[in-house]
Amino acid sequence: MNAAPRSDPAARGRLRPCASKHGLHPWNALGFALTLLLTVAPCTVFAGAQQYEPLSASVRTALSAAISNTQPPRVNFETSQERIAYLEWLAEMSARLKSKEPQFIVRRDVLETVYYEAKRAGLEPALVLGLIQVESNFRKHAVSQAGARGLTQVMPFWVDLIGDGDASKLFNLRVNIRFGCVILRYYLDMEQGSLYRALGRYNGSLGQADYPNLVLAAWKKWEYTPQLVAAVPKPVPLPGAAGGIR
């Protein structure tokens, strides 16, 4: 499966809009000291509040369509290498998340949903996990002083703008992560790929460095490069088969 665009640490303030070859992307255009803080105080959260902004009819329709898609969070893989890489990632992330969520089934549900929704929105799963760590420290029922809810700390006005108006659903794991990914993708497109500014909008602190730097530092903590994929033999096309195995 195609990963979202990657960049070196010095260039992580920008992401480019991307589309998945699997059709999971539902729309087309739409510092160091803080790293130490995350290490010393892993339970610290930095939840903020997205600010209400009027949406054009076309943007509202696109975001609503992205939210209302009810396809289950299961990714289809084109090759065995992609599937093995995913399973290896899932096992490693589950081990890292165990200190925050001891129940294996819950960890698996969180990670499978994050992977699916991040890829669907053209984001890296490690970025979304970093955002969740900073926003709620993986507390499903977290509520900020501003009223933001759930793992990705979504403000209730979003369910009126692009959802069905039921803010209680923001405590549903899958609903919340979908909203969070769709909103961050929207802000990225609005800011022409500037992750730094998109994160500022997401937290309601546009122009301030603290929150974007915290998320970027947390993103690095959740990165992982699969180790076993290179040992898996690649499929060999059948003799005379045009385009190889399908």
(request) Order the peptides 172-181, 214-223, 121-130 from the highest to the lowest mean number of other Cβ atoms within 10 Å of their residues. (result) 121-130, 172-181, 214-223
(message) Restricting things to Cα coordinates, could you compute the convex hull volume per residue of segment 177-224 in Å³?
(response) 78
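Please give the contour-minus-distance gain from GLN208 to SER68: 0.36 nm per residue of separation, less the Cα-Cα distance, rounded to one decimal in nm.
Working: separation 140, 0.36 × 140 = 50.40 nm, distance 3.24 nm.
Gain on stretching GLN208 to SER68: 47.2 nm.
I'd like the carbon and sulfur percentage of the solvent accessible area for segment 111-196, probe radius 1.4 Å, heavy atoms only, ligands and nucleic acids excluded. Intermediate results must be reported in sequence, preceding the final value.
Working: 1130 of 2380 Å².
Of all accessible area on segment 111-196, carbon and sulfur atoms account for 47 percent.
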(request) Please list, in chain and number order, the residues 5+ apart from VAL154 or on another chain whose amide H is under 5 Å from its amide H, with Hs placed from the backbone. (result) ARG149
(request) Within segment 127-168, which residues have the backbone N less than 20 Å from the label spot 7 Å out from ALA95 along Cα→beta-carbon, could you tell me? (result) 127, 129-130
(request) Tell me which residues come under 5 Å, amide H to amide H, from SER194 once H is placed; ignore anything under 5 positions away on its chain. (result) LEU15
(request) Net charge near PRO226: determine it from the other residues with C-beta under 9 Å of the C-beta of PRO226, scoring Lys and Arg +1 and Asp and Glu -1. (result) -2
(message) Rolling a 1.4 Å sphere over the protein heavy atoms, what is the accessible area per residue of segment 54-99, to the nearest Å²?
(response) 58
(message) Using the basic label-point model (7 angstrom from Cα toward the beta carbon), what is the ASP109 to ASP164 distance in nanometres?
(response) 1.8
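The values are calculated or read from the model by the stated rules, or taken from the named source; none is laboratory data. This is a predicted model, so every value here is computed, not measured. With ideal geometry, Cβ positions are generated from the backbone for all residues, glycine too; neighbour counts draw on all protein chains shown. Ligands, DNA and RNA are stripped out before the accessible areas are found, and what is left, the full protein with its side chains, is counted by its heavy atoms. Shrake-Rupley method; radii C 1.70, N 1.55, O 1.52, S 1.80 Å.
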